[in-house]
Amino acid sequence: MFFYKNLFRYLNRDKIKTIYLIDILYMKDINAIYGFTNGTYIIKQVFTLLKKSIKKQILSFLKRKINICIQNSYADIFSVILYDELNEKEIIEIQHIIFNTIIKTKFNLYEMTANIDINITIGCSKSKNMNRTYIYAEQALYTAKVNYINFLYYDSALIRKSFIKEELIAIIQTNIKNKLVEPYLQPIYDNKLKKVYKYEALMRIFSDDKTILPQVFIDKARKFRLFNQLMEIMIIKVLDYINMYKIHISINLDYDDIQNPILKNLIINNIKNNDIGNYLTIEILESKRISNFDIVNDFINKLKQYNVSFAIDDFGSGFSNYEHILKINTDYIKIDSSLIKNIDKDIYFNLIKNIVLFANEQNIKIIAEHVNNLSIQRHILSLGIRYSQGYYFNKAESIEYFLKKEISGKYIKTNY
């Protein structure tokens, strides 16, 4: 067996490999409460679940033959290695398959009638080099755990330290100099009219015809003091698209952006000169970071003179920002993904239901983010939420993609 494993790895050494590392959370507590025998029994059940049900689901989703290797790498950590270069949508969907299957499974206890739930965190990376892929998947897993999130993906081709320090700075500067920054658009669907309502603009930069995702460059661009220049190009292009095509687009601003007089004047001057304010929505990120609501409301009131709409993004994260709604003159709230992805659980369903009731009483529209499958969408519809956004409908794409879709009419999703 050892010989065949080494032979297999040798024959696949030049193939792109995507690795998911899955860590059972609070395993020490399970061992302490139920004993090491049950801890080992839980690990065996997870391993069996990965090798059988989850592997089968992954192959069914991909609809192509690929080699998948599943291992119990260390104690309570498992690796799922796919010998294939997955795209962004596939990486996210397979993460959902792994996470949802394990989270929804009831795990038996040894020689006991009771069963328990477990929680997991997943780190993911991909490259040709197996060792490098493992290293960055481990870094992604560690970062996800310390930030209390269930999944993080690191692109190993872009995350190397030398790359971050030198090449990534050069790439960001090239994108600024040549104005390569591009808003990719993700549609927000009107569930009542069953058509695209508006789009959210998400920043992308490029290197050698490769798209670099925000998780790779956003934080670094801020650290290098280059983010404001990226944002200026992004805003100008969004407002140009609005002016050219008369489509409704949302852009994301955080508290620091709102306080930036250059960005504020850039937006005001463009919408005033082109009379396009009614096509623009500004999503306020990380509202819990706001320390002066007067500054935010002054910004909102100035832009509302030109019919700009506002949304609070990630509403419900931390379950503590109801007061922000009362302090911010907003038109929409976007329910956080941490709630939406768990909507099939009664406690989250009821929490979202209360948010819906609260928003309706305040005459605030609701958008459900991260609607990534039909099951979630059906729960959204059952609560009467008007707008949905997520991979179930479409990932973020270039404006050219959606212009073609609009001409063909194929972008409308009606099979729910």
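The values are calculated or read from the model by the stated rules, or taken from the named source; none is laboratory data. It should be emphasised that the depicted structure is a prediction, and the values quoted were computed from it without experimental measurement. Don't worry about glycine lacking a Cβ; one is built from the backbone with ideal geometry, like all the others, and counts go over all protein chains shown.
Being touching a residue at least 40 places away in the same chain (Cβ under 8 Å) and either of a type in the set (Gly, Ala, Ser) or in the same structural domain as Lys237 (by TED's automatic domain parsing) (or both): is that true of Ile271 here?
In short, no.
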Practice task
Could you run through the stretch 203-256 and say how many residues are of a type in the set (Phe, Trp, Tyr), over 25 Å from Lys404 (Cα atoms) and touching a strand residue (DSSP E or B) at 6+ places or on another chain (Cβ under 7 Å)?
Solution key: 1
Handout entry: Spans of helices (runs of 4 or more DSSP H) in the stretch 291-406 with at least 3 residues in contact with a helix residue (DSSP H, G or I) (Cβ under 9 Å, 6 or more places away or on another chain) and within 27 Å of Pro183 (Cα to Cα)
Key = 293-304, 337-340
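If we only count helices (runs of 4 or more DSSP H) wholly inside the stretch 188-261, which ones have 2 or more residues that are of a type in the set (D, E, K, R) and under 19 Å from the mean Cα position of the chain (by Cα)?
Qualifying helices (runs of 4 or more DSSP H): 214-223.
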Fill in the blank from the handout: Looking across the stretch 184-217 at residues that are in contact with a Pro (Cβ under 6 Å, 6 or more places away or on another chain) and within 14 Å of Gly390 (Cβ to Cβ), the single one that is surrounded by the fewest Cβ atoms within 10 Å (Cβ to Cβ) is Val196
Practice task
State whether the residues of the stretch 341-351 include one that is within 23 Å of Asn278 (Cα to Cα) and either surrounded by fewer than 16 Cβ atoms within 10 Å (Cβ to Cβ) or in the same structural domain as Asp256 (by TED's automatic domain parsing) (or both).
Solution key: no
Practice task
Quickly run through the stretch 71-90 and pick out the residues that are closer than 12 Å to Ser125 by Cα and without any contact (Cβ under 8 Å) to a residue 12 or more places away in the chain.
Solution key: Asn87
